[in-house]
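*Asks:* One structure is given below, represented as structure tokens, and several questions about it will come after.
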Amino acid sequence: MKITSLLKSILILTAVLAITACEQKKKKIIDFPKTDLAKENMIPKPLKINATNSAFGLDQNTVIHTSPDSEDLHAVAQYLSDKIKWHTQLDLVVNNMSSSSSDRVILIKQLEGSDNTNNEAYELTISQDSVILSATTAEGAFRGVQTLRQLIPEISNDTLSDTEMWLIPSGEIADHPNFEYRGSMLDVARHFFNVEDVKKYIDLLAYYKMNTLHLHLTDDQGWRIEIKSWPKLTEIGGSSEVGGGPGGFYTQEDYKDIVAYAAKQYITIIPEVDMPGHTNAASLAYPFLNGNGKKIEPHTGIEVGFSTFDTRKDTVYAFIDDVVREISEITPGPYFHAGGDESLVTKKADFNYFISRVDKIVKKYNKRMIGWDEIVHADIDTTAIAQFWSNEENAKIAVEKGMKVILAPGKKAYLDMKYDTVSQYGLHWAGYIPVDTAYIWTPEKYIKGINKEHILGIEAPLWSETITNMEELEYLAFPRVIGHAELGWSTEENRNWEDYKVRVGNQAPYLDKMNVKYYPSKLIDWKKSKHTYKTILKD
């Protein structure tokens, strides 16, 4: 008779706990303090939380199991084990049924027959002897792992003994995201950021359950992605940046490394080739692309709107076809961002003609085109996505055409805006965006007439005109991007500034451990050590 997955999970959990049943009389008594799961500093705020006021004791005798032992679930379990070791120095085994010292178990299991069809949904059930993480997909389990990571308290590793535990508050959590698309954009064109910098940003986004990273790969100042059929794009176009720095670029192997690293954390990389404007670096490499009638020189300033492709040359579209094809071949995600913003010297008819042709090229390579909100005036397929950043009327036109919208309003979501008048980095053309302004807005109601069903999700773009290294990037992104992560995941009724600012203040120990040089906003009470549930085993 075939045993169901649920029964298998029960049998595995029972077996693990039974291994030490014969020694129960000898076991030490655990004196758990009262806990409150609902008051933990989880970001994003989970959908439903039910506290049961006890705790699960995480220590060297804890083991991790998966059911079934699929490759994907095993990878999630090993990821959890690695992160626990990074956080606590505990080295927890995965799927080792022979461990006779197992007092407590973390079980990651596939949930079948659930009414929740969201791929990122998960459930956490925490009791004194087990943590059960249930999800219909490995992606959902991965999101649940981030919640579990945030529940592990801080204890100084210098004072640990084999009688101490990390106590995880008990209770149940049922959770899934409010929006399908939750991301950030990183501009690597104005200033180049290397592979390791991008990977660190991915790690941080994953911790807060973001699922997309949009890479702005080309602009007037630099072309950052190798195109084998057009080598001068990086040889010439990749050799400059704002301020006259050395620039740089990703080889296709570099890019594939980033894509694979992100995929392991269930983050989709979205490549952007910005066109027909913001194309000076491309035209510098191949002058036949240029459509503004002027001599092309390297551009190291921050002015925009002066460049354009020649939208009426078939050779331009042959070039674009090669670029889209090569990037699409090494990008497994469903999206290709074609830019489309601030093409100020492109005639309106030429712009619309260009966007329509590019949309067809993108679809030819089985990708879904995203473009900045200006693209909505072109004749494009309703599968195209408009990214709202400035013009609300453009967003409304997109909805009227049946297109989905990504919200990235400059006045709320642009991470490159200064916090205030004395901010060290950033611009302020969209205004100053302090931490509370970045958080206190409602995506579902931001544009009148655009409702939740029209919104694919939200994105927090980080343009790099004023930053040159990772520390400066972190200053602008954190803590604001954490708030955007919550706006994308948590429901409107679970979002509250007064509650959020306490929880984000308690993220300081994690950010410090990750060596994130965040902006220490005075609006936040930053806690250098969060409250700790800890206990001593008694004989």
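Each value in this text was obtained by applying a stated rule to the coordinates, not by laboratory testing. All values reported here derive from a predicted model rather than from experimental measurement. Positions of Cβ are backbone-derived with ideal geometry, glycine not excepted, and every protein chain shown enters the neighbour counts.
*Asks:* Name the residues whose placed amide hydrogens come within less than 5 Å of the amide hydrogen of G339, ignoring near sequence neighbours (fewer than 5 apart) on the same chain.
*Replies:* Here the answer is V273, M275, W372, since their amide H atoms fall under 5 Å of that of G339.
*Asks:* A further question on this structure: Taking Rg and Dmax of the Cα atoms in Å as the quantity of interest, determine which of (1) 25.0, 87; (2) 22.4, 68; (3) 23.6, 72 was computed from the displayed structure.
*Replies:* Computed from these coordinates, Rg and Dmax of the Cα atoms in Å corresponds to label (1).
*Asks:* Same structure, new question: Starting from 0.36 nm per residue, how many nanometres of slack lie between K232 and E196 once their C-alpha separation is accounted for?
*Replies:* In short, 10.5 nm is gained.
*Asks:* Another question, if that's okay. Quick check on the exposure proxy: order E164, E196 from fewest to most C-beta atoms within 10 angstrom.
*Replies:* Arranged by neighbour count, lowest to highest, E164, E196 become E196, E164.
*Asks:* So, R0 is 41 Å and r is the distance between the beta-carbons of Q89 and K445; what FRET efficiency does that work out to, to 0.05?
*Replies:* That pair, Q89 with K445, gives E of 0.35.
*Asks:* Now a separate question. If R0 is 35 Å, what FRET efficiency do you get for K452 and Q128 from their C-beta distance, rounded to 0.05?
*Replies:* 0.35
*Asks:* While we're looking at this one, here's another question. What does region 346-430 give for Rg and for Dmax, in Å, if only its C-alpha atoms count?
*Replies:* 15.3, 48
*Asks:* Where does helix 5-18 land angle-wise versus the long Cα axis of the chain, in degrees 0 to 90, nearest 10?
*Replies:* The angle comes out near 50 degrees.
*Asks:* Now for a different question. How would you order 59-72, 418-431 from highest to lowest mean count of nearby Cβ atoms within 10 Å?
*Replies:* 59-72, 418-431
*Asks:* Which whole-number percent is the relative contact order of region 181-513 (Cα, under 8 Å, 6+ apart)?
*Replies:* Normalised by residue count, the contact order of region 181-513 is 16 percent.
*Asks:* May I pose another question? What is the packing order of peptides 348-358, 310-320, taking the mean over residues of other C-beta atoms within 10 Å and listing the highest first?
*Replies:* Order by mean packing, descending: 348-358, 310-320.
*Asks:* Still on this structure: Would you calculate the separation in nanometres between label points at D420 and Y261, each defined as 7 Å from the Cα along the Cα-to-beta-carbon direction?
*Replies:* Between D420 and Y261, the label points sit 3.5 nm apart.
*Asks:* Once every DSSP H run of n ≥ 4 in the chain is given -39500 (n - 2.57) and the sum is divided by its residues, what mean residue ellipticity at 222 nm do you get, rounded to the nearest 500 deg cm²/dmol?
*Replies:* About -9000 deg cm²/dmol.
*Asks:* Give me a comma-separated list of calculated 3J(HN,Hα) values for region 411-421, in order, Karplus coefficients 6.51, -1.76, 1.60 applied at θ = phi - 60°, integers in Hz, x for any Gly or Pro.
*Replies:* Coupling constants for region 411-421: 6, 10, 9, 6, 6, 8, 6, 5, 5, 7, 5 Hz.
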